[in-house]
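**Student:** Have a look at this one before I ask anything.
Read-outs throughout are calculated quantities, based only on the coordinates presented, and are distinct from any laboratory measurement. Predicted model only: the values in this text are computed from it and were never measured. Don't worry about glycine lacking a Cβ; one is built from the backbone with ideal geometry, like all the others, and counts go over all protein chains shown.
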Protein chains: 2
Amino acid sequence: MATDTQIRIGVMGCADIARKVSRAINLAPNATIAAVASRSLEKAKSFASSNGYPQSTKIHGSYESILEDPEVDALYVPLPTSLHVEWAIRAAEKGKHILLEKPVAMNVAEFDKIVAACEANGVQIMDGTMWVHNPRTAKLQEFLSDSERFGQLKTVQSCFSFAGDEDFLKNDIRVKPGLDGLGALGDAGWYTIRASLLANNFDLPITVTAFPGAVLNESGVILSCGASLTWEDGRTATIYCSFLANLTMEITAIGTKGTLRVHDFIIPFQETEASFTTTTKAWFNELVTAWVNPPTEQTVETELPQEACMVREFARLVGEIKNNGAKPDGFWPGISRKTQLVVDAVKESVDNNYQQISLSGR
Amino acid sequence: MATDTQIRIGVMGCADIARKVSRAINLAPNATIAAVASRSLEKAKSFASSNGYPQSTKIHGSYESILEDPEVDALYVPLPTSLHVEWAIRAAEKGKHILLEKPVAMNVAEFDKIVAACEANGVQIMDGTMWVHNPRTAKLQEFLSDSERFGQLKTVQSCFSFAGDEDFLKNDIRVKPGLDGLGALGDAGWYTIRASLLANNFDLPITVTAFPGAVLNESGVILSCGASLTWEDGRTATIYCSFLANLTMEITAIGTKGTLRVHDFIIPFQETEASFTTTTKAWFNELVTAWVNPPTEQTVETELPQEACMVREFARLVGEIKNNGAKPDGFWPGISRKTQLVVDAVKESVDNNYQQISLSGR
């Protein structure tokens with residue numbers, strides 16, 4: 001049941017990921033599904049019924065139609081990346097707050113247009129990166145910012161791969177230049193870049209250099225690539241993303257005094273809890289035949305699934321604007337933009353024979 | 001007690017690491033410590049007594065002297081890297097088999113001279129990389145070569161860092177250009193390169209490209225660096241090594257069907273057992289809120305410490321030559337050479353503004 005304080009969210013597009021986020025909207029205490037739209041009424045209807053939407057959900061047979069719905073406060077937009085710039089701007093212009101799937105745009109210039117439209121219309125925008133909303137992530141950040149347990153970050157290495165099957169590699173929108181044309185970089189790579197930024201307290205790197213050996217499909221879409229990043233004071237990072245290798249998602253962050261490891265940072269092994277491993281001042285015994293201060297594991301319970309935490313945070317910000325006259329929050333679009341900037345730089349490096357790309361002034 | 005079938009090993013130099021290897025020689029069933037040498041008789045004597053050497057151990061006050069000892073079959077050589085080429089060749093010319101600390105030389109040209117001297121004199125050479133002799137390593141290789149559980153390798157990422165203290169960073173031979181002048185690359189990096197090669201079935205990469213952001217000390221010795229490697233058929237690797245960050249040692253190898261993780265590959269957390277984690281065909285549940293086929297851990301018992309396994313293997317090869325007229329084994333010097341080649345290429349790339357180095361024809 002919707003309550004007065006719940007933010008009414010419209011789901012704009014019936015992508016697979018929208019099933020997971022629909023459930024999350026239902027689970028979030030401060031949000032409710034108000035409407036759903038597809039390019040056909042039938043598809044929207046079928047999506048609503050197969051995802052257990054309440055009878056009261058408005059069904060829209062076009063994206064234009066849901067934009068006009070006065071009972072929708074905000075839109076969740078899981079459309080293909082290439083459509084983001086058009087539809088996010090149109091949504092903003094209609095005063096709809098926007099939860100936008102990642103990658104947020106085909107490039108940062110497009111995203112800047114989206115943000116400008118949001119600012120002009122006083123609407124909130126946040127991207128759909130779920131893992132940063134897992135309560136575990138706050139614990140990771142706590143460890144990473146602990147000068148005693150972790151010290152200063154020296155390097156952070158992250159990867160995300162999964163093995164797309166034949167059908168995926170032929171037909172998924174993520175391998176089509178006209179749809180999610182950033183491929184593995186925009187999809188899997190997005191998360192690893194976010195992890196690099198998070199470990200670096202969201203400072204932008206100064207250089208981005210792709211590794212030789214990126215794999216592109218015949219349409220030029222990246223199926224696999226890696227890159228190294230540098231920061232002004234000597235911090236470094238590497239990222240690796242692929243549609244061609246077994247499901248793996250790792251963060252290893254190494255500081256002067258401590259190390260953090262996460263093996264399931266994007267989707268935790270289990271929904272109800274999430275773990276990570278740390279060491280502090282790890283060293284060897286006297287003869288260097290074993291460790292002292294070996295790793296210890298910490299587990300964080302996840303009361304709400306991480307994607308519901310994301311919706312809750314988005315709805316909270318929208319609620320502040322709608323009910324309390326607050327201004328849109330700048331943190332989330334700020335880190336979306338930084339993530340997109342690094343995505344763009346990796347692509348630029350891949351497209352230019354793995355040249356080092358400077359991010360100064362971007 | 002020495003037996004007739006035991007290989008009599010002389011310890012040539014009293015480095016810290018020689019303490020660990022002395023214990024290993026004692027533990028190996030087919031080897032015994034016959035002699036020890038230092039540049040002073042007193043130092044050799046004191047090393048022998050503080051390491052529990054038997055009374056019968058011959059004490060030599062110079063490296064020249066131990067080379068002449070007819071009761072020494074083989075020498076363990078933990079001298080600084082810059083001295084390897086001289087002393088390993090002199091040892092080979094005296095017919096002594098050689099267990100040579102890593103890095104084996106300052107560059108592959110030096111190592112080729114050492115190998116030529118060994119071949120000319122029919123002596124075995126093997127480098128002192130211990131972890132590859134841990135029984136766990138055979139299990140890792142078994143998994144990596146399993147077409148059902150792992151598939152084809154796509155990438156292998158490895159790192160080894162430890163935080164040298166102020167004294168280490170000022171005085172250790174590993175930061176001195178005239179001694180172990182390859183710094184963190186020759187020391188910590190050696191292991192990560194070996195791991196990359198091992199995961200690639202000891203195929204040489206075709207390109208090596210260091211990451212921007214290497215840290216060198218005022219003498220130009222590498223304190224921290226990373227690199228990416230590529231193979232002809234699209235396999236890639238990254239390595240990272242550092243004297244400036246908390247103790248961390250990781251291998252993540254990702255294949256088309258499986259993933260291998262090792263968190264203590266160089267020195268296991270405990271001496272008596274060693275673990276690793278694998279996944280095969282890892283995927284998500286239907287709503288992508290948790291994993292199916294999550295990681296499982298396997299533990300291998302280590303009956304003999306890995307460094308004693310190393311000595312046992314070395315002594316076995318020497319015994320085959322000494323007692324059965326076998327020819328020296330070519331596998332171990334072959335992988336030493338490949339490891340050194342990649343070390344050299346990373347250094348060349350660091351020294352040349354992170355240029356891509358081709359290994360074709362090397």
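**Student:** Could you state the number of Å between the C-alpha centres of the range B:251-325 and the range A:28-101?
**Tutor:** 49
**Student:** Then there is this: Can you spot the aspartates and glutamates whose alpha carbon is less than 18 Å from A:Lys58's alpha carbon? Ignore those fewer than 8 places along the same chain.
**Tutor:** Cross-link targets: A:Asp4, A:Glu42, A:Glu68, A:Asp69, A:Glu71, A:Asp73.
**Student:** Run the label-point distances for B:Gln55 please: 7 Å along Cα to Cβ, every other copy, nanometres, shortest first.
**Tutor:** Ordered by increasing distance: 10.0 nm.
**Student:** Can you work out ³J(HN,Hα) from phi for every residue in the range B:334-340, in order, using Karplus 6.51 cos²θ - 1.76 cosθ + 1.60 and θ = phi - 60°, giving whole Hz and x for Gly and Pro?
**Tutor:** x, 7, 4, 5, 5, 4, 5
**Student:** I'd like the FRET efficiency for A:Arg90 and A:Leu179, computed as 1/(1 + (r/R0)^6) with the beta carbon distance as r and R0 of 22 Å, rounded to 0.05. Please report the intermediate quantities before stating the final value.
**Tutor:** On the way: r = 18 Å, r/R0 = 0.84.
E(calc), rounded to 0.05, equals 0.75.
**Student:** Here are some pairs, B:Lys257/B:Lys347; B:Lys20/B:Lys154; B:Lys102/B:Lys139; which of them have Cα atoms lying more than 29 Å apart in this structure? Present the calculation step by step, with values, prior to reporting the outcome.
**Tutor:** Numbers: B:Lys257/B:Lys347 34 Å; B:Lys20/B:Lys154 36 Å; B:Lys102/B:Lys139 24 Å.
In this structure, B:Lys257/B:Lys347; B:Lys20/B:Lys154 lie more than 29 Å apart at Cα.
**Student:** Can you give the angle from 0 to 90° between the axis of helix A:41-50 and the longest principal axis of chain A, with both taken from C-alpha atoms, to the nearest 10?
**Tutor:** Once rounded, the angle reads 60 degrees.
**Student:** Amide H to amide H, which residues 5 or more places from A:Phe211 or on other chains are under 5 Å from it, using H placed in the peptide plane?
**Tutor:** Long-range HN contacts for A:Phe211: A:Gly226, A:Ala227, A:Ser228.
**Student:** Under 15 Å from the Cβ of A:Ile33, count the other residues' Cβ atoms, weight Lys and Arg +1, Asp and Glu -1, and hand me the total. Could the numbers behind the result be given before it?
**Tutor:** On the way: positive: A:Arg8, A:Arg19, A:Lys20, A:Arg23, A:Lys45, A:Lys58, A:Lys96, A:Arg312; negative: A:Asp69, A:Glu71, A:Asp73, A:Glu307.
In short, +4.
**Student:** How do B:Asp351, A:Asp344, B:Asp127 line up, fewest other C-beta atoms within 10 Å first?
**Tutor:** Details: B:Asp351 14, A:Asp344 24, B:Asp127 27.
Neighbour counts put them in this order, fewest first: B:Asp351, A:Asp344, B:Asp127.
**Student:** Given R₀ = 25 Å, what would the calculated FRET efficiency be for B:Asn121 paired with B:Ser50, taking r from the Cβ atoms and rounding to 0.05?
**Tutor:** Working: r = 33 Å, r/R0 = 1.33.
Computed FRET efficiency for B:Asn121 and B:Ser50: 0.15.
**Student:** While we're on this one: Starting at the first residue of the range A:88-105, write each ³J(HN,Hα) from the Karplus equation 6.51 cos²θ - 1.76 cosθ + 1.60 with θ = phi - 60°, in whole Hz, x for Gly and Pro.
**Tutor:** In residue order, the calculated couplings are 5, 5, 4, 5, 4, 5, 8, x, 8, 6, 10, 9, 10, 4, 8, x, 5, 7 Hz.
**Student:** Could you pull out every residue, at least 5 positions away or on a different chain, whose amide H is within less than 5 Å of the one on A:Lys102? Hs are placed 1.01 Å off N in the peptide plane, and Pro or chain starts have none.
**Tutor:** A:Gly128
**Student:** Shifting gears a bit: May I ask for the net charge around A:Gly13, where only other residues with Cβ less than 11 Å from the Cβ of A:Gly13 are counted and Lys, Arg are +1 while Asp, Glu are -1?
**Tutor:** Values: positive: A:Arg39, A:Lys43; negative: A:Asp16, A:Glu101.
Overall, the nearby charge balance is 0.
**Student:** Around A:Thr272, what is the net charge, scoring Lys/Arg as +1 and Asp/Glu as -1 over all other residues with Cβ under 10 Å from its Cβ?
**Tutor:** On the way: positive: none; negative: A:Glu271, A:Glu273, A:Glu301, A:Glu303.
In short, -4.
**Student:** Now, a different point. Tell me whether the range B:256-362 comes out rounded, prolate or oblate; compute the Cα gyration tensor, take square roots of the eigenvalues as a ≥ b ≥ c, and use a/c under 1.5 as the rounded threshold.
**Tutor:** Numbers: a/c = 2.58, a/b = 1.28, b/c = 2.01.
Because a/c hits 1.5 or more and a/b fails to exceed b/c, the range B:256-362 counts as oblate.
**Student:** OK, next. Could you work out the helix-only [θ] at 222 nm for the protein assembly as shown, with each DSSP H run of four or more residues adding -39,500 (n - 2.57) and the total divided by the number of residues, to the nearest 500 deg cm²/dmol? Walk me through the numbers before you get to the answer.
**Tutor:** Details: 20 runs with 234 residues, N = 724.
Taking each H run of at least 4 residues, the total per residue is -10000 deg cm²/dmol.
**Student:** Apply the Karplus curve 6.51 cos²θ - 1.76 cosθ + 1.60, θ = phi - 60°, to the phi angles in the range B:18-31 and return the couplings in whole Hz, x for Gly and Pro.
**Tutor:** With the stated coefficients, the range B:18-31 comes to 5, 5, 5, 6, 4, 4, 5, 5, 5, 6, 5, x, 10, 9 Hz.
**Student:** Can you list, shortest first in nanometers, how far A:Asn285 lies from the same residue in the other copies, with each label 7 Å from Cα toward Cβ?
**Tutor:** Values, ascending and in nm: 4.1.
**Student:** Still on this structure: Would you grab the residues whose amide H sits under 5 Å from the one on A:Ala163? Only those 5+ places off in sequence or on another chain, please, with H modelled 1.01 Å from N.
**Tutor:** A:Ala245, A:Leu247
**Student:** If you don't mind, another one. Counting DSSP beta bridges in the protein assembly as shown, what percent are antiparallel, to the nearest 5? It would help to have the intermediate numbers written out before the result.
**Tutor:** On the way: 82 of 136 bridges.
So the antiparallel bridges in the protein assembly as shown amount to around 60 percent.
**Student:** For B:Thr299, place a label point 7 Å out from Cα along the Cα→Cβ vector, do the same in each other copy, and report the separations in nm, one decimal, smallest first.
**Tutor:** The answer, with the shortest distance listed first, is 1.7 nm.
**Student:** Starting from 0.36 nm per residue, how many nanometres of slack lie between A:Arg316 and A:Asn201 once their C-alpha separation is accounted for? Intermediate results must be reported in sequence, preceding the final value.
**Tutor:** Working: separation 115, 0.36 × 115 = 41.40 nm, distance 2.32 nm.
Residue separation times 0.36 nm, minus the Cα-Cα distance, leaves 39.1 nm.
**Student:** Moving on to the next point. So which aspartates and glutamates pass the test for A:Lys45, namely a Cα distance under 16 Å, with those fewer than 8 places away in the same chain ruled out?
**Tutor:** A:Asp16
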